[in-house]
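This report concerns only the one structure given below.
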Amino acid sequence: MRKSDLKSLISQAEKMVSEYKGIEICFNMYAGSNYILDTDEDDVIDIVRTEEDAIKWIKGMNKEGFNTCYYKPILIDSIDGERITRTNILHYEKLKS
């Protein structure tokens, strides 16, 4: 994944967090597969809370010989940890500008 693509995904996720109440960002971790924008969730091998944790995770995997690791942001419910999708985001309260 290009850094510009990752920065764009993170920026979009941060915008959503600033617009809706009760959501936060986590990061899906992938290894040994090719990046596809709409990756099947079965390919996720770990989830971490921060981008710093994602970078540490990748460095650790690289030391173990996994050189095709990447991460991308996801939105989760801040209470129950469920994944936020385009469908269920409609049930979240929009913050006032």
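The values are calculated or read from the model by the stated rules, or taken from the named source; none is laboratory data. Since the model is a prediction, treat every value here as computed from it, not as a measurement. With ideal geometry, Cβ positions are generated from the backbone for all residues, glycine too; neighbour counts draw on all protein chains shown. Note: areas computed on protein heavy atoms with side chains; ligands, DNA, RNA excluded. Shrake-Rupley method; radii C 1.70, N 1.55, O 1.52, S 1.80 Å.
Would you mind counting up the charge near ILE10? Only other residues with Cβ under 12 Å from its Cβ, with Lys and Arg at +1 and Asp and Glu at -1. Could the numbers behind the result be given before it?
Values: positive: LYS3, LYS7, LYS15, LYS72; negative: ASP5, GLU14, GLU51.
Once positives and negatives cancel, what remains is +1.
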Charge sum, other residues only, whose C-beta stays under 14 Å from ILE79's C-beta, Lys/Arg counted +1 and Asp/Glu -1: -3
Inter-label distance for ILE45 and SER4, nm, one decimal - labels placed 7 Å from Cα along Cα-to-Cβ: 2.9
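Given a 1.4 Å probe and heavy atoms of the protein chains only, how would you sort LEU90, LEU95, largest accessible area at the top?
Working: LEU90 140, LEU95 80 Å².
Heavy-atom accessible area, descending, gives LEU90, LEU95.
Can you tell me what the convex hull of the Cα atoms of the chain projects to on average, as an area in nm²? The partial results should precede the final answer.
Working: hull surface 26.6 nm².
It is 6.6 nm².
Ignoring any ligand, DNA or RNA, what whole percent of the accessible area of the chain comes from carbon and sulfur when the probe is 1.4 angstrom?
Working: 3470 of 6860 Å².
About 51 percent, which is the carbon plus sulfur part of the accessible surface.
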Segment LYS15-GLU93, extension gain: residue separation times 0.36 nm, minus the distance between their alpha carbons: 26.6 nm
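Any idea of the accessible area per residue across the chain, 1.4 Å probe, to the nearest Å²?
Working: 6860 Å² over 97 residues.
Per residue, the chain has an accessible area of 71 Å².
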At q = 0.13, 0.16, 0.20, 0.30 Å⁻¹, base-10 log of I(q)/I(0) for segment 50-97 (Debye sum, equal scatterers on each alpha carbon): -0.49, -0.64, -0.77, -1.09
